[in-house]
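Undergrad: What follows is a structure written as structure tokens; I'll ask about it next.
The values are calculated or read from the model by the stated rules, or taken from the named source; none is laboratory data. In this text the structure is predicted, and so the values were computed from the model without any measurement. All Cβ positions, glycine included, derive from the backbone under ideal geometry; neighbour counts span all protein chains shown.
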Amino acid sequence: MGTKLFNAHELIEYHDKYMQGTDYDKDYLKYKPLFSKFDDLNAVSGQDFVDIAIKFANAWQSRTSSSIEIAENVVMLIKQHMSAFHQLEGKSLLFMDLDLEEGNIETCYNVMEKVNSTAIAKILHMMNEKVFPMWDDRIRKMYGVYGNAEGYSTFMILVQRQLSKLGIDAIKQIEQTTDRTILKILDEYNWYLNNRE
């Protein structure tokens, strides 16, 4: 797998470059508080999914359908499989037993299968930013994984290994310095590596 090891200084440096070189963080900060609506999954409607999740994903260049019918179907599936989302609440990817949680992770991913794979990861991240890392086509290629639930589980294993090698003290330093979760910073780092040219 083409994953790279990094250190805290490098991640902070790439965060600074990302902040100077893109407008994506503005959209992240704009939509992040709106995702609090997803804290109560029973209260989420298909229109909420379009207005918050899909609009966020599209602001981040995911180009996914804003069909209300698709959104209502996704929300129905989320509600049917709410326990998978609840099982991951309050957890952190760094400390999770991914073998134990694989079923919940793949369920969360699969209920959104009508949304494209890049958008799924971005939406899941916004719903639980300490568990779900983000990806796009280039990041999947860099990690050597497929854009499906199984590929996402593998991606999470690889990200967890990277974070474990980085260490908890470095992660705390990065999160305090940037005021972002480590998974957001890793996404910026991966995005920057793939878009330097």
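Undergrad: What about F85, is it of a type in the set (F, W, Y), within 24 Å of L163 (Cβ to Cβ) and at pLDDT 95 or above? Give the derivation first.
TA: Details: of a type in the set (F, W, Y): yes; within 24 Å of L163 (Cβ to Cβ): yes; at pLDDT 95 or above: yes.
Yes.
Residue by residue, here is whether (1) crowded, with 18+ Cβ neighbours inside 10 Å; (2) under 24 Å from E175 (Cα atoms); (3) within 15 Å of the chain's Cα centre (by Cα); (4) polar (S, T, N, Q) holds:
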position	(1), (2), (3), (4)
D16	no, yes, no, no
D27	no, yes, yes, no
P33	no, yes, no, no
L41	no, no, no, no
D48	no, no, no, no
F56	yes, yes, yes, no
S62	yes, no, yes, yes
F95	no, yes, no, no
N110	no, no, yes, yes
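Undergrad: Still on this model: Filter region 162-197 down to residues that are farther than 22 Å from Q61 by Cβ, free of Cβ contacts under 8 Å to residues at least 40 places away in the same chain and basic (K, R), then give me how many there are.
TA: So the count comes out to 1.
Undergrad: Condition first: more than 19 Å from V145 (Cβ to Cβ), acidic (D, E) and surrounded by 14 or more Cβ atoms within 10 Å (Cβ to Cβ). Now tell me which residues in region 159-187 satisfy that.
TA: Selection gives E175 alone.
Undergrad: To continue, here is another question. Could you please find all residues in region 105-132 being in a loop (DSSP other than H, G, I, E, B) and within 18 Å of I68 (Cβ to Cβ)? Working first, answer last.
TA: Of region 105-132, the ones in a loop (DSSP other than H, G, I, E, B) are 111-116, 128-132.
If the condition is that a residue be in a loop (DSSP other than H, G, I, E, B) and within 18 Å of I68 (Cβ to Cβ), then V111, M112, E113, K114, V115, N116 are the ones that fit.
Undergrad: H81: out of contact with any Lys or Arg (no Cβ under 7 Å at 6 or more places or on another chain) and surrounded by 14 or more Cβ atoms within 10 Å (Cβ to Cβ), yes or no? Working first, answer last.
TA: Details: out of contact with any Lys or Arg (no Cβ under 7 Å at 6 or more places or on another chain): yes; surrounded by 14 or more Cβ atoms within 10 Å (Cβ to Cβ): yes.
Against the criterion (out of contact with any Lys or Arg (no Cβ under 7 Å at 6 or more places or on another chain) and surrounded by 14 or more Cβ atoms within 10 Å (Cβ to Cβ)), H81 qualifies.
Undergrad: Considering every residue within region 90-106, establish whether at least one is within 23 Å of V50 (Cα to Cα), without any contact (Cβ under 8 Å) to a residue 40 or more places away in the chain and out of contact with any strand residue (DSSP E or B) (no Cβ under 8 Å at 6 or more places or on another chain).
TA: Filtering region 90-106 for residues within 23 Å of V50 (Cα to Cα) gives 105-106.
If we keep only those that are without any contact (Cβ under 8 Å) to a residue 40 or more places away in the chain too, we end up with none.
No, region 90-106 has no match at all.
Undergrad: Need pairs with beta-carbon distance below 7 Å; first residue basic (K, R) and within region 25-44, second assigned to a helix (DSSP H, G or I) and surrounded by 15 or more Cβ atoms within 10 Å (Cβ to Cβ); sequence gap 6+ or separate chains.
TA: The qualifying pairs are K32/M126; K37/D48; K37/I52.
Undergrad: Being farther than 18 Å from L41 by Cα, part of a helix (DSSP H, G or I), charged (D, E, K, R) and out of contact with any Cys (no Cβ under 6 Å at 6 or more places or on another chain) is true for just one of E72, E102. Which residue is that? Can you show your working first?
TA: Details: E72 fails: farther than 18 Å from L41 by Cα.
Just a single option satisfies the conditions, and that option is E102.
Undergrad: Could you please tell me which pairs satisfy a Cβ distance under 6 Å, a separation of 6+ or placement on different chains, a first residue in region 75-88 that is on the phi < 0 side of the Ramachandran plot, and a second residue that is of a type in the set (S, T, N, Q)?
TA: H81/T107; A84/N104; A84/T107; Q87/N104; L88/N104; L88/N128
Undergrad: Can you tell me which residue in region 141-158 is surrounded by the most Cβ atoms within 10 Å (Cβ to Cβ), limited to those that are touching a residue at least 40 places away in the same chain (Cβ under 8 Å) and of a type in the set (G, A, S)?
TA: A149
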